[in-house]
1. Would you work out the charge dipole size for region B:97-262 about its Cα centre, treating the Cβ of every Lys and Arg as +1 and the Cβ of every Asp and Glu as -1, and quote it to the nearest 20 debye?
2. Of A:Pro236, A:Ala226, A:Thr208, which is farthest on the positive side of the dipole of region A:151-291, counting Cα position, with +1 on Lys and Arg Cβ, -1 on Asp and Glu Cβ, and the Cα centre as origin?
3. Just to compare against my own numbers: the Cα pair-distance distribution for region B:12-74, 5 Å bins, whole % per bin, please.
4. Accessible area drop of at least 40 Å² (1.4 Å probe, protein heavy atoms): which residues of region A:246-267 qualify, relative to the chain alone?
5. Quick one: accessible area per residue over chain B, 1.4 Å probe, rounded to a whole number of Å²?
6. Considering only protein heavy atoms, what is the solvent-accessible area of B:Asp273 at a probe of 1.4 Å, reported in Å² to the nearest 10?
7. Can you tell me, using C-alpha contacts under 8 Å and at least 6 residues apart, the relative contact order of region A:173-249 as a whole percent?
8. Report Rg(Cα)/(2.2 N^0.38 Å) for the protein assembly as shown, keeping two decimals.
Amino acid sequence: MTPEVPRSAIGRGFRRYIAKIPRGALVNTLCIAVIGAVVICAILGEVIAPYDPRAQDPLRGVSPPGDGHLLGTDVLGRDVLSLLIAGARSAVVGPVVVALGCGLIGGLLGLLGAYYGGTLDAAVNRLADLIYALPSIIVAIVVVGVMDGGYWSVAAVLTFLSLAYQIRIIRSVTMAQMSLPYVEAAKTSGLSDTRTILAHILPNIVPTVLATLLLDFVTAMIGYAALAFLGIGIPPGAPNWGAMIATGQTYIFINPWLSVAPAILLILTATCVTLLGDQLHEAAGRKAAIR
Amino acid sequence: MVVFLAKRLASLIAVLFIVSILIFSLLALSPGSIVSTLIGTRPATPELIAALEERYRVNDPYPVQYWHWLTNAFQGDLGHSVRTGEPVVSVIASRLPLTLQLGAYALILVVAVGIPLGMLAGMRRGRPVDRITSTVAIVAMSAPAFAVAILLIWVFGVWLEWLPVYGAGDGFFGRVYHLTLPAVSLAVAMAAVLHRQTRAATMHVMDQDYVTFARSRGVSRMRILIRYALRNTSLPIVTSAGVILIVALSGAVLVERVFALQGVGTLMIESVDYNDLPVVQGLAMLLALLIIIINQLVDLLALVIDPRTRMRGRS
């Protein structure tokens, strides 16, 4: 039982914030459509691709759109559209893992720091300050490049490098909650710290957590693409947007779509996720996140 | 003020110390022994092995190795490139000018576009100017510099054939001509960040009572814009310089690669690819110094611009 706690303060926060997002807005629909399409491609991959993305046709080589290939073919004669669809998986899976890992670790650190204060808070803050001052893509290039790491070591490095943003945001919203009467009410009615945090504070900061997850996802996606562009963290020849941008640049005069299409997709996906994340932030009563 | 600066300096040195340990540890991170990494693809003659063992003190404990590396680094000796055998410092120095030129060009574009548009958007909140520039800024901020670079190459290099798509060009005008696309790709994300900061700051300033009062006194729009808005928005803009710098550094590495510019960024990628660790360490050290110095300058500049922060700084 949780007596004396106003019901409105518990658990319903999330639904209330969602309701504040203007529905039917054209931009939102478009964003969700784009993200949905990318996610479907990531899940189904080659099943929905018009050609087998691995099927090579060396005699054909690089060719502009036409002859049944909507976006032409790459240097091995592979269909560019199919490569794009198959590449969605490696563009999305890693960043999702990074965002979740970062949300879990960074969110927990920020939450606990704000809740307990003192040395823990100071330590968490210091960590965030340190990471914040790092140029994350360069650090990732150097660390993963030097240790010759693969896809998942990129995830580990990017997770660490994205912690700062997560910690700062979650810490500041938790701080704001700490001064509200319901937290004190929960404490005085004898609830344990764990219960207070999980059942009372957490539901009220969920919108912000979600928004930061989305923005973490964007940062991770760009980081992954940048590393793949340099040939770091992905096996050579695997369908990947970043890698396609790099290899396609050589043939940009023959078939520009080879690198332009993944570049547009990358920018489009990143923009759509950022827009949704920003709106969620604003709906959560914060000023739009300045990154 | 002296105590304040001394404290600052002490914390600076502490940070540099920690960073240098991390950078030195890169050698240990690389697969294989230190000596085999440092030999690279050169023939492993006994003399070379002996020289490297002597120089990096591989038989001594780790802290001693680090100390020797650090004292050498302080004397400007960061070792020799594994790839070319040249001293690291001269390798970096030969690549630095191009990167600095690219950075300066991009910075000019960023300031010339980001601040005026940000102020305009902030003063006309919700109007078409604000909506359009803010939307473009969101797209630009989400777009990684190398993807923007590819699109620019496609439009201006392949389609319109207006601008060169690789190389650095010769002479002043050749350089400017060749660096235009790289600088624009680099500037896009930074200008977007700056636009956003300026817009928010201007909106805040325009809501202040002193602006309303100045308007009611009949002070001209231009004067309000420059004397009131620009000066008061410059503080948040200056403090965002640290973030902008980090965006720029990460972007520069990739943009140089796209346009085949032989700058520091390309050097870094080549060195990572080649496992040329002395050069990587040298570049990392340079980068750390740059970030730390810029952040300190930003803090000092904030004190100069806004007298209110001086009291807080003293405590």
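1. On the way: 14 positive and 6 negative charges, 177 e Å.
Around 840 debye, computed over region B:97-262.
2. Final value for the positive-end residue is A:Thr208.
3. Going out from 0 Å in 5 Å bins, region B:12-74 shows 3, 16, 25, 25, 16, 9, 3, 1, 0 percent.
4. Buried by 40 Å² or more upon assembly, which counts only protein chains, are A:Gln249, A:Ile252, A:Phe253, A:Val260, A:Ile267.
5. On the way: 15840 Å² over 315 residues.
Per-residue accessible area for chain B comes out at 50 Å².
6. 100 Å²
7. Values: 35 pairs, mean separation 15.9, N = 77.
Normalised by residue count, the contact order of region A:173-249 is 21 percent.
8. Values: Rg = 25.9 Å, N = 606, 2.2 N^0.38 = 25.1 Å.
Computed over Cα atoms of the protein assembly as shown, the ratio equals 1.03.
The values are calculated or read from the model by the stated rules, or taken from the named source; none is laboratory data. Computed from a predicted model, the values in this text were never measured in an experiment. Cβ atoms come from the backbone with ideal geometry, glycine included; neighbour counts cover every protein chain shown. Heads up: the accessible areas ignore ligands, DNA and RNA and are worked out on the full protein's heavy atoms, side chains in. Shrake-Rupley method; radii C 1.70, N 1.55, O 1.52, S 1.80 Å.
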